[in-house]
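Working notes, structure below.
The values are calculated or read from the model by the stated rules, or taken from the named source; none is laboratory data. Keep in mind that what you see is a predicted model, and the values were worked out from it rather than measured. Cβ coordinates were reconstructed from backbone atoms using ideal geometry, including for glycine residues, and neighbour counts include every protein chain displayed. Calculation scope for accessible area: heavy atoms of the full protein, side chains included, ligands and nucleic acids excluded. Shrake-Rupley method; radii C 1.70, N 1.55, O 1.52, S 1.80 Å.
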Amino acid sequence: MGLRRLFVLTCAAIYFGWFCIMKAIFDTRTGSGYDDDVTRRYHFPIRYLPEAKRALGDWIVYREPRRGGGREGYVAVARLESIIPDPSDPKLAYGMVSDYLAFDCVVPLRHSEGFSEDRLDLVADSSRLGAALQGKSIRAISDVEFGAIVRAGLIQTLAPANAIRLGLDAAESGADIGGLAHAPIEDQARRIEAMLVNRKIRDAAFRRGVLDAYDNRCAVTGIRMVNGGGRAEAQAAHIWPVSDGGPDVVQNGLALSGTIHWLFDRHLISLTDDCALLVAHNRVPGELRGLFAQQLDRIFLPKDPSFWPHPAYIRRHREAFVG
């Protein structure tokens, strides 16, 4: 095969995404000017199209750079489902994602043994890291790198010490959380991929995030009860149900006691945009109405406003409540 023909085929392979599928890092930051909603879509210039296409159908890890006030680390994982053109700008495209899951904590670029991305080990001067990643907002990573980053990101959810609290003890979930810690490093990515679509694991991560944000306190009654095993009486309720496309993020959650959760899921109670309580008194059983003496007062919210319910999710729930 001539060099010219080889060059043309290589360029075509890059453009059309013929190379093998690989996982990828997607850099994202608030205030970037792109139309990102990282739980559903990632907005990017088409110069990154070859790299994005290589990750199509596989998992991606979101990373926030320090620039623009980011948390300077890896913050979430999702699956890249499709890539579509931006109808308003031919120079941009959207990566549509599913199975978004925020990490328990920010995973830093650097750890005790080096960097989470092997390519960064080649940067001799750590002050040049930003420059080394400039123009590489989408970049491939290996299965081993992916496994290590996600495992570090879900360290609290997967910790055996938290199994009872999160409902992941073997007797209740059947999930082999402990086995992951002892799996060979080259096998971790496959096992983690299976866990990322396991509803019990996702529920546990969601529960941890919501209950930690609300300090294990029911947002409506203010009651906080935790048993000796660390299991809270409050439950993590989705505002926009997962079954209808809602994401597993704290801003789509409320910590609610069992009875309040039951009423909320049946749209017998809801929230205003200011997070005040709405009650359908004509439909709520009479013996439960005493729970809502503070109707139209703001519910108990997390100390960190970034974890407060998202207005768009509240409006979705309230539409069903009104209907």
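Kindly indicate the residue of region 264-307 that is assigned to a strand (DSSP E or B) and of a type outside the set (A, V, I, L, M, F, W, C) and also farthest from the chain's Cα centre (by Cα) among those meeting that condition.
We begin by selecting, within region 264-307, every residue assigned to a strand (DSSP E or B); these are 269-271, 276-279, 298.
Keeping just the survivors that are of a type outside the set (A, V, I, L, M, F, W, C) gives 270, 298.
Details: 270: 24, 298: 27 Å.
Here the answer is 298.
Name the residues in region 15-50 that are at pLDDT below 95, open to solvent by 70 Å² or more (accessible area, probe 1.4 Å) and closer than 28 Å to residue 189 by Cα, would you?
Within region 15-50, 15, 16, 18, 19, 20, 21 meet the criteria.
Within region 244-256, track down each residue that is more than 13 Å from the chain's Cα centre (by Cα) and either part of a helix (DSSP H, G or I) or buried (at least 22 other Cβ atoms within 10 Å of the Cβ) (or both).
244, 254, 255, 256
Which one is nearest to residue 312 (Cα to Cα), of the residues in region 246-276 that are free of Cβ contacts under 8 Å to residues at least 60 places away in the same chain and acidic (Asp, Glu)?
Narrowing region 246-276 to residues free of Cβ contacts under 8 Å to residues at least 60 places away in the same chain: 253-276.
From what's left, acidic (Asp, Glu): 265, 273-274.
On the way: 265: 17, 273: 9, 274: 12 Å.
The residue in question is 273.
Against the condition in contact with a Gly (Cβ under 8 Å, 6 or more places away or on another chain), open to solvent by 10 Å² or more (accessible area, probe 1.4 Å) and under 11 Å from residue 26 (Cα atoms), how does residue 67 come out, does it pass?
Working: in contact with a Gly (Cβ under 8 Å, 6 or more places away or on another chain): yes; open to solvent by 10 Å² or more (accessible area, probe 1.4 Å): yes; under 11 Å from residue 26 (Cα atoms): no.
So residue 67 does not fit the description; no.
Could you go through region 200-214 and let me know if any residue there is farther than 24 Å from residue 149 by Cβ, under 16 Å from the mean Cα position of the chain (by Cα) and either buried (at least 19 other Cβ atoms within 10 Å of the Cβ) or modelled with pLDDT under 90 (or both). Give the derivation first.
As a first pass, look at region 200-214 and keep what is farther than 24 Å from residue 149 by Cβ: 211, 214.
Filter again for under 16 Å from the mean Cα position of the chain (by Cα), leaving 211.
If we keep only those that are either buried (at least 19 other Cβ atoms within 10 Å of the Cβ) or modelled with pLDDT under 90 (or both) too, we end up with 211.
Scanning region 200-214 turns up at least one residue that is farther than 24 Å from residue 149 by Cβ, under 16 Å from the mean Cα position of the chain (by Cα) and either buried (at least 19 other Cβ atoms within 10 Å of the Cβ) or modelled with pLDDT under 90 (or both).
Just to verify a result, which residue in region 60-116, among those that are of a type in the set (Asp, Glu) and in contact with a Lys or Arg (Cβ under 9 Å, 6 or more places away or on another chain), is nearest to residue 197 (Cα to Cα)? Let's see the steps before the verdict.
Taking region 60-116 first, the residues of a type in the set (Asp, Glu) are 64, 72, 81, 86, 89, 99, 104, 113.
Remaining after also requiring in contact with a Lys or Arg (Cβ under 9 Å, 6 or more places away or on another chain): 64, 72, 99, 104.
Values: 64: 23, 72: 26, 99: 7, 104: 16 Å.
Looking at the filtered set, the residue picked out is 99.
Which strands (runs of 3 or more DSSP E) sit wholly inside region 55-109 and have at least 1 residues that are out of contact with any strand residue (DSSP E or B) (no Cβ under 6 Å at 6 or more places or on another chain)? Give the steps one after another, and end with the answer.
Details: elements: 59-64, 73-85, 92-107.
Once the strands (runs of 3 or more DSSP E) in region 55-109 are filtered for at least 1 residues that are out of contact with any strand residue (DSSP E or B) (no Cβ under 6 Å at 6 or more places or on another chain), what remains is 92-107.
Among the residues of region 152-160, is any modelled with pLDDT under 90 and either in a helix (DSSP H, G or I) or surrounded by fewer than 22 Cβ atoms within 10 Å (Cβ to Cβ) (or both)?
Here is the first cut: in region 152-160, the residues modelled with pLDDT under 90 are 158-160.
Imposing the further condition that a residue be either in a helix (DSSP H, G or I) or surrounded by fewer than 22 Cβ atoms within 10 Å (Cβ to Cβ) (or both) reduces the set to 159-160.
Yes, region 152-160 contains at least one residue that is modelled with pLDDT under 90 and either in a helix (DSSP H, G or I) or surrounded by fewer than 22 Cβ atoms within 10 Å (Cβ to Cβ) (or both).
I'm trying to understand the selection: among the residues of region 215-241, which are within 14 Å of residue 314 (Cα to Cα) and either part of a helix (DSSP H, G or I) or open to solvent by 40 Å² or more (accessible area, probe 1.4 Å) (or both)?
Selection gives 241 alone.
Could you list, in sequence order, all residues of region 87-106 that are open to solvent by 10 Å² or more (accessible area, probe 1.4 Å) and within 22 Å of residue 54 (Cβ to Cβ)? First the steps, then the outcome.
As a first pass, look at region 87-106 and keep what is open to solvent by 10 Å² or more (accessible area, probe 1.4 Å): 87-92, 94, 96-100, 102-106.
Scanning region 87-106 gives 90, 91, 92, 94, 96, 97, 98, 99, 100.
Tell me whether region 279-301 contains one or more residues that are open to solvent by less than 70 Å² (accessible area, probe 1.4 Å) and at pLDDT 95 or above.
Checked region 279-301: at least one residue is open to solvent by less than 70 Å² (accessible area, probe 1.4 Å) and at pLDDT 95 or above.
Quick one: what pairs do we get from region 19-46, first residue of a type in the set (Gly, Ala, Ser), second assigned to a loop (DSSP other than H, G, I, E, B) and surrounded by fewer than 21 Cβ atoms within 10 Å (Cβ to Cβ), C-beta under 9 Å, 6+ apart or different chains?
From residues that are of a type in the set (Gly, Ala, Ser), the pairs are 24/58; 31/68; 31/69; 32/68.
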